[in-house]
Amino acid sequence: MSEQRTGFPDAVREALVTTGSAITCLPVQMDGADWESAIFFQLRGPECEADTRRLRSARTVPVALDTEVIEHEHAALAVLRFELYPDTPVALAGEILLVPGANKTHFETLELLTRQPRLGCFVADDGFRVILSQFVQLGDAEHEEFRDMLDKCTRHDAVVRLTGRYDADAAFAAVTSHYALREDTP
């Protein structure tokens, strides 16, 4: 992933643009090393200008990652909530929804998190230029938490599939219906 020095990899850009998201977690291969999941967060719009300036001048910032499994009647969703604290009273936060039972990349993302030694966190500006990159070390407790998430999703989806009610799109739509989406304005 040598593109990290100047900008997000093309596949990450495409994922963010296609979904309209500001944050994602995807498997990447950095500089020919082993595959690992990494978080990519894009700050865009005038409301993010001050945060972009703060992060551009920061070497590292405190990072928090919370997890949750939503066991919807049609499928399980894994939620990764990522927060950055760039010396402001309010964190920059984003949630990533993964449907590991329906999407091979989502399954692989969680599976890699169960064993990789670190989690890369990359933040970019409007033009996908990296303004902050840092790594958070993952230990046994974090690996166990990700393993537990993957196991819960797998068990839940197995039962739902047996009942014939598995519908990942319906579960995803139901969960995202509670989110307010910001429309970008020119």
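The values are calculated or read from the model by the stated rules, or taken from the named source; none is laboratory data. Values in this document were obtained by computation on a predicted structure and should not be read as measured data. Don't worry about glycine lacking a Cβ; one is built from the backbone with ideal geometry, like all the others, and counts go over all protein chains shown. Accessible surface is based on the protein model in full, side chains and every heavy atom, while ligands, DNA and RNA are left aside. Shrake-Rupley method; radii C 1.70, N 1.55, O 1.52, S 1.80 Å.
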Rolling a 1.4 angstrom probe over the protein chains, ignoring ligands and nucleic acids, what is the accessible area of L138 in square angstrom, nearest 10? 20 Å²
Scoring the chain by relative contact order with C-alpha pairs under 8 Å, at least six apart, yields a percentage of 24 percent
Using a Förster distance of 41 Å, how high is the FRET efficiency between A173 and R56, based on the Cβ-Cβ distance and rounded to 0.05? 0.65
Based on the Cβ-Cβ distance from E71 to W35, what FRET efficiency comes out when R0 is 25 Å, to the nearest 0.05? 0.35
Restricting region 80-186 to trypsin sites (Lys or Arg not before Pro) in coil, as DSSP defines it, with at most 11 other Cβ within 10 Å: R182
Here, D148 and A64, labelled 7 Å along Cα→Cβ, have an inter-label distance in nm of 1.8 nm
How large, in percent, is the carbon and sulfur part of the accessible surface of the chain at a probe radius of 1.4 Å? 50 percent
Could you work out the per residue convex hull volume over the alpha carbons of the chain, in cubic angstrom? 122 Å³
In whole angstrom, the spacing between the Cα centers of region 66-120 and region 121-149 equals 10 Å
Please give the net charge around A58, taking every other residue with its beta carbon less than 12 angstrom from that of A58, where Lys and Arg add +1 and Asp and Glu add -1. +2
Using a 1.4 Å probe, how large is the accessible area of T18, given in Å² and rounded to the nearest 10? 110 Å²
Over region 1-62, average the accessible area per residue using a 1.4 Å probe and give it in Å², no decimals. 55 Å²
Size of electric dipole in the chain: Cβ of Lys, Arg +1 and of Asp, Glu -1, about Cα centre, debye, nearest 20: 280 debye
Label points 7 Å out from Cα along the Cβ direction at C48 and V159: separation in nm? 3.8 nm
Show that you can apply the helix-only estimate: for the chain, add -39,500 (n - 2.57) for every DSSP H stretch of four or more residues, divide by all residues, and state [θ] at 222 nm to the nearest 500. -10500 deg cm²/dmol
